Amino acid sequence: MSRIPLTSAEQQSDEIRQFMARRGELNVFRLLANAPAVFVGWTQMVDEILESPTYTTRMRELITLRVAHLLGSTYELAQHSDLARAAGLTQRQIDAVLDAGDLNAADFSPTERTVLDLITELCSTRRLRDDSFAAAHAELGDEALTELLMIISCYYGLALVLNAVDLDIDTTARLRP
């Protein structure tokens with residue numbers, strides 16, 4: 001059970017209600033709406049991440065699942081596993097991302113492998129070796145690498161919040177991308 005009570009959409013400002021109407025009235029949003037001054041800015045960032053053309057939905061879900069796995073965020077995993085399948089990831093690839101399979105045998109593209117390796121190193125060590133950064137930079141370039149790091153930071157930070165409050169997994173509500 002969540003250590004912080006969840007709010008309802010009806011108790012929120014128009015801006016927060018509109019966000020929940022677009023993305024879903026999920027427990028995560030009902031939790032974060034307890035801090036409306038910060039939540040509004042956070043929702044703007046989430047909208048930009050989900051709508052940015054830099055990464056495909058498939059790649060964003062791959063990023064999210066790997067971060068969620070490495071941080072032990074059962075809530076993020078529950079919300080994003082179905083989205084990952086819908087975005088074209090196979091069950092074998094999802095299992096590999098969740099360490100139940102071999103990343104080398106899961107038919108990831110070279111770019112996907114570069115991204116997965118970067119996420120694993122960054123989330124595990126909280127740093128990137130020079131050669132890891134150079135490989136990712138050569139593959140992605142300035143804009144895409146910076147955006148990747150921003151996506152990672154968003155879901156990493158969110159995982160910490162969700163783990164700290166022990167947020168209940170939604171029984172029926174699902175994120176609407």
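The values are calculated or read from the model by the stated rules, or taken from the named source; none is laboratory data. Not measured: the values here are computed from a predicted model. Positions of Cβ are generated from backbone atoms using ideal geometry, with glycine treated the same way; all protein chains shown enter the neighbour counts. Heavy atoms of the whole protein, side chains included, go into the accessibility calculation; ligands, DNA and RNA do not. Shrake-Rupley method; radii C 1.70, N 1.55, O 1.52, S 1.80 Å.
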Cα-based Kirkwood hydrodynamic radius, the range 76-171, one decimal, Å: 14.7 Å
Residue with peak Gaussian network fluctuation, the chain [Cα springs, cutoff 10 Å], from G157, G24, G141: G141
Pairwise label distance in nanometres, T172 with D107, each label 7 Å out on the Cα-Cβ vector: 3.6 nm
Longest exposed-site-free window of the chain, the sites being trypsin sites (Lys or Arg not before Pro) in a DSSP loop that have at most 13 other C-beta atoms within 10 Å: 4-125
Whole-Å distance, taken between Cα centres, linking the range 32-62 and the range 93-124: 22 Å
Estimated distance in nm for a label pair at R3 and A138, the labels positioned 7 Å out from Cα along Cα-to-Cβ: 4.4 nm
Alpha-carbon Debye profile of the chain, log10 I(q)/I(0) at 0.12, 0.14, 0.19 Å⁻¹: -0.56, -0.76, -1.32
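What is the projected area of the convex hull of the Cα atoms of the range 132-177, averaged over all directions, in nm²? Provide the component values of the computation, followed by the final result.
Details: hull surface 18.8 nm².
Answer in nm², one decimal: 4.7.
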Largest-first ordering by accessible area, 1.4 Å probe, given options E10, E139: E10, E139
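Work out, in µm²/s and without decimals, the Stokes-Einstein translational diffusion coefficient of the range 1-62 at 10 °C, 1.306 mPa s, Rh from Kirkwood over C-alpha pairs. Working shown, then result.
Details: Rh = 12.5 Å.
D, rounded to a whole number, is 127 µm²/s.
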Crossing angle, helix 57-71 versus the chain [Cα axis fit, 0-90 degrees, rounded to tens]: 80 degrees
Folded to 0 to 90 degrees: helix 74-86 orientation relative to the chain principal axis, Cα: 70 degrees
Solvent-accessible area, 1.4 Å probe, carbon plus sulfur percent, for the range 23-177: 54 percent
The chain - accessible surface per residue (Å², probe 1.4 Å): 50 Å²
Fully extended contour minus Cα-Cα distance, from D117 to A87, at 0.36 nm per residue: 8.8 nm
On Cα atoms only, tilt of 36-51 relative to the major axis of the chain in degrees: 40 degrees
Pair Q44, D95: separation of 7 Å Cα→Cβ label points (nm): 4.4 nm
Sum of -39500 (n - 2.57) over DSSP H runs of 4+, divided by residues of the chain (222 nm, nearest 500): -22000 deg cm²/dmol
Förster radius 25 Å - calculated FRET efficiency between T54 and V161 (Cβ-Cβ, nearest 0.05): 0.50
